1. Within the stretch 92-201, what whole-number % of the accessible surface is contributed by carbon and sulfur, with the 1.4 Å probe and all protein chains included in the calculation?
2. With a point put 7 Å past each Cα toward its Cβ, work out how far Cys276 is from Tyr139 in nm, to one decimal.
3. How high is the relative contact order of the chain, in percent, counting Cα pairs under 8 Å that sit 6 or more residues apart?
4. Run the simple label-point estimate for Glu40 and Ala89 please: 7 Å along Cα→C-beta, distance reported in nm.
5. With the Cα gyration tensor of the chain giving a ≥ b ≥ c as the square roots of its eigenvalues, does the rule (a/c under 1.5 for rounded; else a/b larger than b/c for prolate; else oblate) give rounded, prolate or oblate?
6. I'd like the Karplus ³J(HN,Hα) series for the stretch 281-292: coefficients 6.51, -1.76, 1.60, θ = phi - 60°, whole numbers in Hz, and an x wherever there's a Gly or Pro.
7. Only Lys, Arg, Asp and Glu count, each charged at its Cβ (+1, +1, -1, -1), so figure out the dipole size of the chain about its Cα centre, rounded to 20 debye.
8. If the reach is capped at under 22 angstrom between alpha carbons, list the lysines near Lys169, excluding any in the same chain fewer than eight residues apart.
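The values are calculated or read from the model by the stated rules, or taken from the named source; none is laboratory data. Keep in mind the model is a prediction, meaning the values are calculated, not measured. Quick reminder, even Gly has a Cβ in these numbers, built from the backbone with ideal geometry, and neighbours come from all protein chains shown. Ligands, DNA and RNA are stripped out before the accessible areas are found, and what is left, the full protein with its side chains, is counted by its heavy atoms. Shrake-Rupley method; radii C 1.70, N 1.55, O 1.52, S 1.80 Å.
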Amino acid sequence: MADVDRESVLRVLRAVKDRDLRRDIVSLNFVRDLEVNGSEVSFRLVLNTPVSPGKAGLEQAAREAVLSIGGVKAVKISLQSEIPKSPAADGKQSVPGVSNIVAVSSGKGGVGKSTVAVNLAIALSQFGARVGLLDTDMYGPNVPIMVGINEEPAVRGQKLLPHLAHGVKVMSLGFLNRGDKPVVWRGPMLHTAVRQFLYDVEWGDLDYLIVDMPPGTGDAQLSLAQLVPVQGAVLVTTPQEVAMADVRKAFNMFEQVHIPVLGIVENMSYFVCPNCSERHEIFGSGGGQELARRFKSNLLGEIPLSVSVREGGDIGIPIVVGAPDSMQAAAFKQIAENVATQISISSLKGGALPIIDMSDSRGDRFTV
Ligand SMILES: Nc1ncnc2c1ncn2[C@@H]1O[C@H](COP(=O)(O)OP(=O)(O)O)[C@@H](O)[C@H]1O
Ligand SMILES: [Mg+2]
(Lines give C-alpha, C1' and ligand atoms only; values in the text may rest on other atoms or scores of the structure.)
(Ligands and ions follow the chains in the order given, each with its own letter.)
Protein backbone atom coordinates (compact mmCIF):
# COMPACT_ATOMS: atom_id res chain seq x y z
CA MET A 1 0.00 0.00 0.00
CA ALA A 2 1.21 3.51 -0.77
CA ASP A 3 2.48 5.72 1.99
CA VAL A 4 -0.02 8.01 3.64
CA ASP A 5 0.19 11.41 2.04
CA ARG A 6 1.53 14.17 4.27
CA GLU A 7 -0.77 16.74 2.68
CA SER A 8 -3.87 14.73 3.54
CA VAL A 9 -2.75 14.57 7.17
CA LEU A 10 -2.35 18.33 7.25
CA ARG A 11 -5.70 18.76 5.54
CA VAL A 12 -7.61 16.84 8.20
CA LEU A 13 -5.66 18.54 10.98
CA ARG A 14 -6.62 21.92 9.53
CA ALA A 15 -10.20 20.99 10.30
CA VAL A 16 -9.43 20.50 14.02
CA LYS A 17 -10.16 23.77 15.75
CA ASP A 18 -9.42 25.10 19.19
CA ARG A 19 -12.81 26.59 19.90
CA ASP A 20 -11.50 29.11 22.44
CA LEU A 21 -8.98 30.49 19.97
CA ARG A 22 -11.32 29.95 17.02
CA ARG A 23 -8.51 28.70 14.86
CA ASP A 24 -7.29 25.41 13.56
CA ILE A 25 -4.34 23.65 15.12
CA VAL A 26 -2.18 23.85 12.00
CA SER A 27 -2.45 27.62 11.54
CA LEU A 28 -1.94 28.01 15.29
CA ASN A 29 1.39 26.19 14.79
CA PHE A 30 0.40 23.55 17.34
CA VAL A 31 1.40 20.72 14.95
CA ARG A 32 5.18 20.25 14.87
CA ASP A 33 7.62 17.67 13.56
CA LEU A 34 5.00 15.85 11.53
CA GLU A 35 6.35 12.56 10.23
CA VAL A 36 4.70 9.98 8.07
CA ASN A 37 6.24 6.55 8.09
CA GLY A 38 4.30 4.12 5.95
CA SER A 39 0.97 3.77 7.75
CA GLU A 40 2.22 5.49 10.88
CA VAL A 41 1.82 9.21 11.59
CA SER A 42 3.57 11.03 14.42
CA PHE A 43 3.81 14.64 15.53
CA ARG A 44 4.13 16.88 18.53
CA LEU A 45 1.00 18.79 19.52
CA VAL A 46 2.27 21.93 21.23
CA LEU A 47 -0.44 24.00 22.95
CA ASN A 48 0.03 27.65 23.92
CA THR A 49 -1.73 27.03 27.24
CA PRO A 50 -1.09 24.44 29.93
CA VAL A 51 -2.69 21.04 29.35
CA SER A 52 -5.84 21.70 31.38
CA PRO A 53 -8.73 19.21 31.33
CA GLY A 54 -10.60 21.22 28.70
CA LYS A 55 -7.58 21.28 26.39
CA ALA A 56 -6.69 17.64 26.73
CA GLY A 57 -9.55 16.78 24.36
CA LEU A 58 -7.72 18.47 21.52
CA GLU A 59 -5.31 15.55 21.34
CA GLN A 60 -8.21 13.13 21.00
CA ALA A 61 -9.79 15.24 18.27
CA ALA A 62 -6.49 15.36 16.36
CA ARG A 63 -5.99 11.62 16.72
CA GLU A 64 -9.47 10.80 15.47
CA ALA A 65 -9.05 13.14 12.53
CA VAL A 66 -5.82 11.45 11.41
CA LEU A 67 -7.18 7.95 12.00
CA SER A 68 -10.06 8.77 9.69
CA ILE A 69 -7.64 8.84 6.76
CA GLY A 70 -7.64 5.61 4.85
CA GLY A 71 -4.40 3.68 5.31
CA VAL A 72 -3.43 5.24 8.65
CA LYS A 73 -2.91 2.49 11.19
CA ALA A 74 -1.25 4.30 14.07
CA VAL A 75 -0.96 7.88 15.31
CA LYS A 76 1.64 8.94 17.83
CA ILE A 77 1.04 12.34 19.41
CA SER A 78 3.26 13.88 22.02
CA LEU A 79 1.16 16.48 23.84
CA GLN A 80 3.22 19.41 25.09
CA SER A 81 2.78 23.06 25.90
CA GLU A 82 4.77 26.22 25.30
CA ILE A 83 3.34 29.21 27.12
CA PRO A 84 3.99 32.38 25.11
CA LYS A 85 6.02 35.11 26.69
CA SER A 86 4.39 38.50 26.99
CA PRO A 87 6.12 41.14 24.86
CA ALA A 88 8.53 43.64 26.36
CA ALA A 89 7.10 47.07 27.07
CA ASP A 90 8.78 50.44 26.70
CA GLY A 91 10.31 51.78 29.87
CA LYS A 92 9.59 48.61 31.81
CA GLN A 93 11.95 45.95 32.95
CA SER A 94 10.81 42.36 32.63
CA VAL A 95 11.56 39.95 35.44
CA PRO A 96 14.24 37.63 34.01
CA GLY A 97 12.79 34.19 33.24
CA VAL A 98 9.18 35.22 33.94
CA SER A 99 6.90 34.96 30.89
CA ASN A 100 3.57 36.38 32.07
CA ILE A 101 2.64 38.50 35.06
CA VAL A 102 -1.00 38.39 36.10
CA ALA A 103 -2.42 40.69 38.78
CA VAL A 104 -5.32 39.50 40.93
CA SER A 105 -7.12 42.58 42.13
CA SER A 106 -10.44 43.91 43.36
CA GLY A 107 -12.10 47.16 44.21
CA LYS A 108 -12.30 46.33 47.88
CA GLY A 109 -11.03 43.93 50.53
CA GLY A 110 -12.49 40.72 51.81
CA VAL A 111 -13.92 39.58 48.48
CA GLY A 112 -11.56 36.60 48.23
CA LYS A 113 -8.68 37.95 46.17
CA SER A 114 -6.03 35.99 48.03
CA THR A 115 -8.17 32.86 47.96
CA VAL A 116 -8.51 33.19 44.19
CA ALA A 117 -4.81 34.04 43.67
CA VAL A 118 -3.65 31.03 45.69
CA ASN A 119 -6.01 28.50 44.09
CA LEU A 120 -5.47 29.94 40.61
CA ALA A 121 -1.68 29.66 40.97
CA ILE A 122 -1.85 26.08 42.24
CA ALA A 123 -4.39 25.00 39.62
CA LEU A 124 -2.13 26.32 36.83
CA SER A 125 0.80 24.39 38.28
CA GLN A 126 -1.37 21.25 38.52
CA PHE A 127 -1.89 21.62 34.76
CA GLY A 128 1.90 21.46 34.37
CA ALA A 129 2.79 25.17 34.18
CA ARG A 130 5.69 26.72 36.10
CA VAL A 131 4.07 29.17 38.47
CA GLY A 132 5.05 31.77 41.06
CA LEU A 133 2.82 33.59 43.53
CA LEU A 134 3.78 37.01 44.83
CA ASP A 135 1.84 38.50 47.72
CA THR A 136 2.07 42.29 47.51
CA ASP A 137 -0.41 42.93 50.29
CA MET A 138 2.11 44.62 52.59
CA TYR A 139 -0.48 45.57 55.19
CA GLY A 140 -2.14 42.23 55.67
CA PRO A 141 -0.20 39.50 53.89
CA ASN A 142 -2.28 36.36 54.34
CA VAL A 143 -0.81 34.18 51.62
CA PRO A 144 1.61 32.51 54.12
CA ILE A 145 -1.30 31.15 56.16
CA MET A 146 -3.20 30.14 53.06
CA VAL A 147 -0.30 28.08 51.71
CA GLY A 148 0.74 26.82 55.16
CA ILE A 149 4.27 28.25 55.36
CA ASN A 150 5.67 30.35 58.16
CA GLU A 151 9.43 30.41 57.66
CA GLU A 152 11.96 32.98 56.67
CA PRO A 153 13.11 32.56 53.09
CA ALA A 154 16.73 31.60 52.47
CA VAL A 155 19.10 34.04 50.83
CA ARG A 156 21.47 33.15 48.00
CA GLY A 157 23.92 35.83 47.03
CA GLN A 158 21.87 39.00 46.78
CA LYS A 159 18.60 37.21 46.22
CA LEU A 160 15.77 35.80 48.28
CA LEU A 161 14.71 32.26 47.50
CA PRO A 162 10.96 31.79 47.25
CA HIS A 163 9.35 28.99 49.24
CA LEU A 164 7.83 26.09 47.38
CA ALA A 165 4.22 25.45 48.40
CA HIS A 166 1.97 22.92 46.66
CA GLY A 167 4.14 23.15 43.54
CA VAL A 168 4.18 26.96 43.41
CA LYS A 169 7.07 29.33 44.21
CA VAL A 170 5.78 31.79 46.80
CA MET A 171 7.05 35.08 48.21
CA SER A 172 5.32 37.26 50.77
CA LEU A 173 6.24 39.98 53.19
CA GLY A 174 4.66 37.72 55.77
CA PHE A 175 7.68 35.39 55.46
CA LEU A 176 10.01 38.23 56.42
CA ASN A 177 7.94 40.06 58.98
CA ARG A 178 6.62 37.19 61.00
CA GLY A 179 4.46 37.68 64.04
CA ASP A 180 2.10 40.55 64.56
CA LYS A 181 4.43 43.52 64.23
CA PRO A 182 2.51 46.16 62.33
CA VAL A 183 4.26 47.60 59.33
CA VAL A 184 3.85 51.23 58.46
CA TRP A 185 4.40 51.82 54.78
CA ARG A 186 4.58 55.02 52.91
CA GLY A 187 4.20 55.17 49.14
CA PRO A 188 7.90 55.20 48.21
CA MET A 189 8.70 52.36 50.62
CA LEU A 190 5.91 50.31 49.19
CA HIS A 191 7.24 50.92 45.68
CA THR A 192 10.69 49.77 46.78
CA ALA A 193 9.23 46.66 48.40
CA VAL A 194 7.28 45.72 45.28
CA ARG A 195 10.38 46.27 43.17
CA GLN A 196 12.50 44.07 45.44
CA PHE A 197 9.91 41.33 45.40
CA LEU A 198 9.96 41.35 41.61
CA TYR A 199 13.68 41.67 40.91
CA ASP A 200 15.48 40.51 44.07
CA VAL A 201 13.72 37.17 44.35
CA GLU A 202 15.16 34.21 42.50
CA TRP A 203 11.99 33.30 40.63
CA GLY A 204 13.75 31.17 38.02
CA ASP A 205 11.83 30.29 34.86
CA LEU A 206 8.09 30.84 35.27
CA ASP A 207 5.24 30.64 32.79
CA TYR A 208 3.02 32.68 35.11
CA LEU A 209 3.70 34.91 38.07
CA ILE A 210 0.40 35.51 39.86
CA VAL A 211 0.42 38.69 41.92
CA ASP A 212 -1.99 38.99 44.82
CA MET A 213 -2.71 42.71 45.19
CA PRO A 214 -3.82 44.63 48.26
CA PRO A 215 -7.44 45.80 48.23
CA GLY A 216 -8.43 48.89 46.31
CA THR A 217 -6.79 50.90 43.60
CA GLY A 218 -3.70 52.13 45.36
CA ASP A 219 0.07 52.34 45.34
CA ALA A 220 0.91 48.67 44.90
CA GLN A 221 -1.14 48.44 41.69
CA LEU A 222 0.53 51.56 40.40
CA SER A 223 4.02 50.31 41.29
CA LEU A 224 3.43 47.01 39.57
CA ALA A 225 2.11 48.74 36.46
CA GLN A 226 5.05 51.13 36.34
CA LEU A 227 7.75 48.54 36.91
CA VAL A 228 6.91 45.48 34.84
CA PRO A 229 4.88 44.55 31.79
CA VAL A 230 1.68 43.06 33.23
CA GLN A 231 -0.09 40.69 30.88
CA GLY A 232 -3.47 41.23 32.45
CA ALA A 233 -5.58 41.61 35.54
CA VAL A 234 -8.14 39.28 37.06
CA LEU A 235 -10.83 41.21 38.92
CA VAL A 236 -12.49 39.49 41.84
CA THR A 237 -15.90 40.62 42.97
CA THR A 238 -18.88 39.44 44.98
CA PRO A 239 -22.42 39.40 43.66
CA GLN A 240 -23.90 42.14 45.80
CA GLU A 241 -24.96 45.23 43.93
CA VAL A 242 -22.77 47.36 46.25
CA ALA A 243 -19.65 45.81 44.78
CA MET A 244 -20.45 47.40 41.41
CA ALA A 245 -19.02 50.82 42.11
CA ASP A 246 -15.81 49.20 43.32
CA VAL A 247 -15.56 47.09 40.20
CA ARG A 248 -15.98 50.20 38.05
CA LYS A 249 -13.15 51.91 39.95
CA ALA A 250 -10.90 48.92 39.45
CA PHE A 251 -11.66 48.81 35.72
CA ASN A 252 -10.91 52.51 35.38
CA MET A 253 -7.64 52.18 37.21
CA PHE A 254 -6.37 49.33 35.03
CA GLU A 255 -7.44 51.21 31.95
CA GLN A 256 -5.43 54.22 33.07
CA VAL A 257 -2.29 52.17 33.57
CA HIS A 258 -2.85 50.22 30.30
CA ILE A 259 -3.26 46.81 31.84
CA PRO A 260 -5.94 44.75 30.08
CA VAL A 261 -8.54 43.14 32.30
CA LEU A 262 -8.59 39.43 31.44
CA GLY A 263 -11.97 39.03 33.08
CA ILE A 264 -14.05 38.91 36.21
CA VAL A 265 -14.27 36.22 38.86
CA GLU A 266 -17.47 36.21 40.83
CA ASN A 267 -16.68 34.85 44.27
CA MET A 268 -19.23 33.74 46.86
CA SER A 269 -21.57 33.64 43.93
CA TYR A 270 -23.88 30.94 45.29
CA PHE A 271 -23.98 28.79 48.40
CA VAL A 272 -23.16 25.11 48.57
CA CYS A 273 -24.85 23.50 51.55
CA PRO A 274 -22.24 21.41 53.39
CA ASN A 275 -24.86 18.83 54.37
CA CYS A 276 -26.77 18.26 51.17
CA SER A 277 -24.24 19.70 48.63
CA GLU A 278 -27.13 21.52 47.02
CA ARG A 279 -26.58 24.80 45.22
CA HIS A 280 -28.51 27.78 46.57
CA GLU A 281 -28.59 30.97 44.51
CA ILE A 282 -28.72 33.41 47.39
CA PHE A 283 -28.20 36.46 45.23
CA GLY A 284 -30.05 35.16 42.22
CA SER A 285 -28.21 33.68 39.26
CA GLY A 286 -26.52 35.29 36.29
CA GLY A 287 -25.13 38.29 38.20
CA GLY A 288 -21.54 37.62 37.15
CA GLN A 289 -22.46 37.21 33.52
CA GLU A 290 -24.43 40.44 33.61
CA LEU A 291 -21.56 42.27 35.29
CA ALA A 292 -19.12 41.04 32.66
CA ARG A 293 -21.47 42.17 29.91
CA ARG A 294 -21.87 45.58 31.46
CA PHE A 295 -18.12 46.06 31.57
CA LYS A 296 -17.61 44.43 28.15
CA SER A 297 -15.39 41.85 29.79
CA ASN A 298 -15.32 38.09 30.29
CA LEU A 299 -16.73 36.09 33.14
CA LEU A 300 -13.81 33.84 34.04
CA GLY A 301 -15.84 31.83 36.52
CA GLU A 302 -18.05 31.69 39.58
CA ILE A 303 -16.97 30.29 42.93
CA PRO A 304 -19.47 29.17 45.54
CA LEU A 305 -19.52 30.47 49.06
CA SER A 306 -18.52 27.36 50.93
CA VAL A 307 -17.11 26.33 54.27
CA SER A 308 -14.50 24.07 52.68
CA VAL A 309 -13.03 26.97 50.67
CA ARG A 310 -12.55 29.02 53.85
CA GLU A 311 -11.23 26.06 55.85
CA GLY A 312 -8.74 25.23 53.13
CA GLY A 313 -7.36 28.76 53.42
CA ASP A 314 -7.24 28.62 57.20
CA ILE A 315 -5.30 25.38 57.43
CA GLY A 316 -2.90 26.09 54.58
CA ILE A 317 -4.25 23.40 52.28
CA PRO A 318 -6.12 25.23 49.51
CA ILE A 319 -9.21 23.48 48.20
CA VAL A 320 -7.62 22.56 44.84
CA VAL A 321 -5.12 20.50 46.86
CA GLY A 322 -7.31 19.36 49.75
CA ALA A 323 -10.36 18.36 47.71
CA PRO A 324 -9.25 18.36 44.08
CA ASP A 325 -12.36 16.55 42.87
CA SER A 326 -14.86 18.84 44.58
CA MET A 327 -17.11 21.20 42.65
CA GLN A 328 -15.36 24.09 44.38
CA ALA A 329 -11.96 22.96 43.07
CA ALA A 330 -13.52 22.47 39.63
CA ALA A 331 -14.65 26.11 39.71
CA PHE A 332 -11.09 27.28 40.43
CA LYS A 333 -9.66 25.00 37.72
CA GLN A 334 -12.11 26.38 35.18
CA ILE A 335 -10.95 29.87 36.08
CA ALA A 336 -7.30 28.84 35.70
CA GLU A 337 -8.06 27.40 32.27
CA ASN A 338 -9.91 30.55 31.22
CA VAL A 339 -7.13 32.83 32.45
CA ALA A 340 -4.55 30.82 30.47
CA THR A 341 -6.80 30.97 27.41
CA GLN A 342 -7.24 34.73 27.69
CA ILE A 343 -3.47 35.15 27.92
CA SER A 344 -2.93 33.00 24.83
CA ILE A 345 -5.58 34.98 22.95
CA SER A 346 -3.97 38.27 23.84
CA SER A 347 -0.56 37.01 22.80
CA LEU A 348 -1.95 35.88 19.43
CA LYS A 349 -3.66 39.19 18.84
CA GLY A 350 -0.80 41.29 20.08
CA GLY A 351 -2.59 42.69 23.08
CA ALA A 352 -6.16 43.37 22.02
CA LEU A 353 -8.55 41.14 23.92
CA PRO A 354 -11.67 40.11 22.11
CA ILE A 355 -14.68 39.35 24.21
CA ILE A 356 -15.43 35.70 24.09
CA ASP A 357 -18.40 34.09 25.69
CA MET A 358 -17.07 31.72 28.30
CA SER A 359 -20.51 30.76 29.49
CA ASP A 360 -20.56 27.56 27.48
CA SER A 361 -16.91 26.74 27.95
CA ARG A 362 -17.75 23.59 29.86
CA GLY A 363 -19.30 22.09 26.77
CA ASP A 364 -17.44 20.54 23.90
CA ARG A 365 -14.65 22.88 23.04
CA PHE A 366 -13.31 21.32 19.94
CA THR A 367 -14.93 20.82 16.63
CA VAL A 368 -13.72 18.45 14.00
N1 LIG B 1 -15.77 31.19 48.19
C2 LIG B 1 -15.56 31.33 49.49
N3 LIG B 1 -16.29 30.64 50.40
C4 LIG B 1 -16.07 30.81 51.73
N5 LIG B 1 -15.16 31.61 52.26
C6 LIG B 1 -14.40 32.32 51.42
C7 LIG B 1 -14.55 32.23 50.00
N8 LIG B 1 -13.64 33.05 49.42
C9 LIG B 1 -12.95 33.63 50.42
N10 LIG B 1 -13.40 33.20 51.62
C11 LIG B 1 -12.94 33.60 52.95
O12 LIG B 1 -13.18 35.00 53.10
C13 LIG B 1 -12.11 35.61 53.79
C14 LIG B 1 -11.51 36.72 52.93
O15 LIG B 1 -10.90 36.13 51.79
P16 LIG B 1 -9.52 36.65 51.20
O17 LIG B 1 -9.15 35.74 50.10
O18 LIG B 1 -8.52 36.84 52.29
O19 LIG B 1 -9.99 38.06 50.63
P20 LIG B 1 -9.15 39.35 50.16
O21 LIG B 1 -7.80 38.88 49.77
O22 LIG B 1 -9.93 39.90 49.02
O23 LIG B 1 -9.13 40.29 51.31
C24 LIG B 1 -11.13 34.50 54.12
O25 LIG B 1 -11.39 34.03 55.42
C26 LIG B 1 -11.45 33.42 53.10
O27 LIG B 1 -11.16 32.11 53.57
MG1 LIG C 1 -5.89 39.38 50.43
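1. 51 percent
2. It is 4.1 nm.
3. Value for the chain: 20 percent.
4. Going from the Glu40 label point to the Ala89 one covers 4.9 nm.
5. Prolate, since a/c reaches 1.5 and a/b exceeds b/c.
6. Going residue by residue, I get 8, 4, 9, x, 9, x, x, x, 4, 5, 4, 4 Hz, with x marking Gly and Pro.
7. 560 debye
8. Cα-Cα hits under 22 Å: Lys85, Lys113, Lys159, Lys333.
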